[in-house]
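To start, the structure itself, in structure tokens.
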Amino acid sequence: MIRLLQIEWIKLRNYRPFWILSILYFIGLLLIFLGGQFFLLWIESEGAEFEGIKPTMLPIYDFEDIWHNFTYMASLAKIIPAFIFLIIVTNEYSYKTLRQNIIDGMTRSEFLFSKLLLALTYSLVSMLFIFSVGLVIGFFGSPVTDLGSIFGHSDFLLAHAIEMFAFFSFTLLLAITIRRTGFALVLLLLYTIIFEPLFALYIGYKFEGPEVFFPIKSINLLVENPFTKYFLMETQQHIKWTSVIIAACWAGVFNYASYLILRKRDLL
């Protein structure tokens, strides 16, 4: 495991697009998190109000809400690290480093495992980043700072890591299948933003229920929209283990399919 991570590190340590895009991703998350209060100030200045409740009164930085709020915001931006991951994998084909790794003694299973380790590491780093930023902002913005309040809803952090890893697994399958960055990226965007959402919406309208088993839908359901609670609507309080199981099963399907393609396909 350590050897495979070291190999990935050697490939990435001097790869500037990886570092530039990753830094932009984390800076973007930070700005989104910090910008929440400024957004509330702006809509309040525009006269927005809900039954006497001003927008700035909403406890978006309360430890009771912060983990759900922040992980949901981060989930909306997960296409950026997925794009980074897609480039990394397709570059293995473009620059023939995968072929060279196999010649040097790495098995195809080890190659796949190394990419999954990279995906897991990135997911955990993203989770730890949200946790660190959330702690700092929460201590300044939350009226309650006891341990029970801080960690009472921290299960959403775990949901974020699972969501990232499952989405990376889907991206890995696309990259290994298509092997061309541009085509894979277009298909990733079309499927996740247009094709599946529209089809899931149609199925949900017709039958009400089966859409939760769709791959991207199930991944997105790990962290649902938390802001409906501020409009007195029913909202997810903790992660749903049924959603975790469905998303984990899809991640397993994606990774097994990637393994089958790697095992049977020529590396050229």
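Which ones in segment 144-153 are without any contact (Cβ under 8 Å) to a residue 60 or more places away in the chain and either of a type in the set (A, V, I, L, M, F, W, C) or surrounded by 17 or more Cβ atoms within 10 Å (Cβ to Cβ) (or both)? Explain how you work it out, then say what you get.
Our first condition is that a residue be without any contact (Cβ under 8 Å) to a residue 60 or more places away in the chain; within segment 144-153, this holds for 146-148, 151.
Residues satisfying the conditions are L147, F151.
I'd like to know if segment 154-169 contains one or more residues that are in a helix (DSSP H, G or I) and free of Cβ contacts under 8 Å to residues at least 12 places away in the same chain. Step through it out loud before you land on a result.
Just the residues of segment 154-169 that are in a helix (DSSP H, G or I), to begin with: 155-169.
Then drop every residue that is not free of Cβ contacts under 8 Å to residues at least 12 places away in the same chain, which leaves none.
Looking through segment 154-169, none of the residues is in a helix (DSSP H, G or I) and free of Cβ contacts under 8 Å to residues at least 12 places away in the same chain.
T171 is checked against (1) of a type in the set (S, T, Y); (2) closer than 16 Å to M73 by Cα; (3) modelled with pLDDT of 95 or more and fails just one. What number does that condition carry?
T171 satisfies all of (1) of a type in the set (S, T, Y); (2) closer than 16 Å to M73 by Cα; (3) modelled with pLDDT of 95 or more except (2).
Which count do you get for residues in segment 184-219 that are part of a helix (DSSP H, G or I), under 21 Å from the mean Cα position of the chain (by Cα) and of a type in the set (F, W, Y)? Outline the logic, then answer.
Filtering segment 184-219 for residues part of a helix (DSSP H, G or I) gives 184-207, 210-213, 215-219.
When the remaining residues are screened for being under 21 Å from the mean Cα position of the chain (by Cα), the result is 184-198, 200, 211-213, 215-219.
Then keep just the ones that are of a type in the set (F, W, Y); that gives 191, 195, 213.
Of the residues in segment 184-219, 3 are part of a helix (DSSP H, G or I), under 21 Å from the mean Cα position of the chain (by Cα) and of a type in the set (F, W, Y).
Going by what's in this entry, would Y230 be described as in contact with a strand residue (DSSP E or B) (Cβ under 9 Å, 6 or more places away or on another chain) and of a type outside the set (A, V, I, L, M)? Write out each step before concluding.
Working: in contact with a strand residue (DSSP E or B) (Cβ under 9 Å, 6 or more places away or on another chain): yes; of a type outside the set (A, V, I, L, M): yes.
Yes; evaluated as a whole, the condition is true for this residue.
Among the residues of segment 101-121, write down those that are modelled with pLDDT of 85 or more and not aliphatic (A, V, I, L, M).
Passing the criteria: T107, R108, S109, E110, F111, F113, S114, K115, T121.
When you scan segment 169-183, do you find a residue that is more than 16 Å from A247 (Cα to Cα) and among the hydroxyl-bearing types (S, T, Y), even just one?
Looking through segment 169-183, at least one residue is more than 16 Å from A247 (Cα to Cα) and among the hydroxyl-bearing types (S, T, Y).
Just the residues that are under 19 Å from the mean Cα position of the chain (by Cα), in a helix (DSSP H, G or I) and under 19 Å from F63 (Cβ atoms), please, taken from segment 220-249.
The one that is under 19 Å from the mean Cα position of the chain (by Cα), in a helix (DSSP H, G or I) and under 19 Å from F63 (Cβ atoms): F227.
The values are calculated or read from the model by the stated rules, or taken from the named source; none is laboratory data. Computed from a predicted model, the values in this text were never measured in an experiment. No Cβ is skipped: glycine too gets one built from the backbone with ideal geometry, and neighbour counts run over all protein chains shown.
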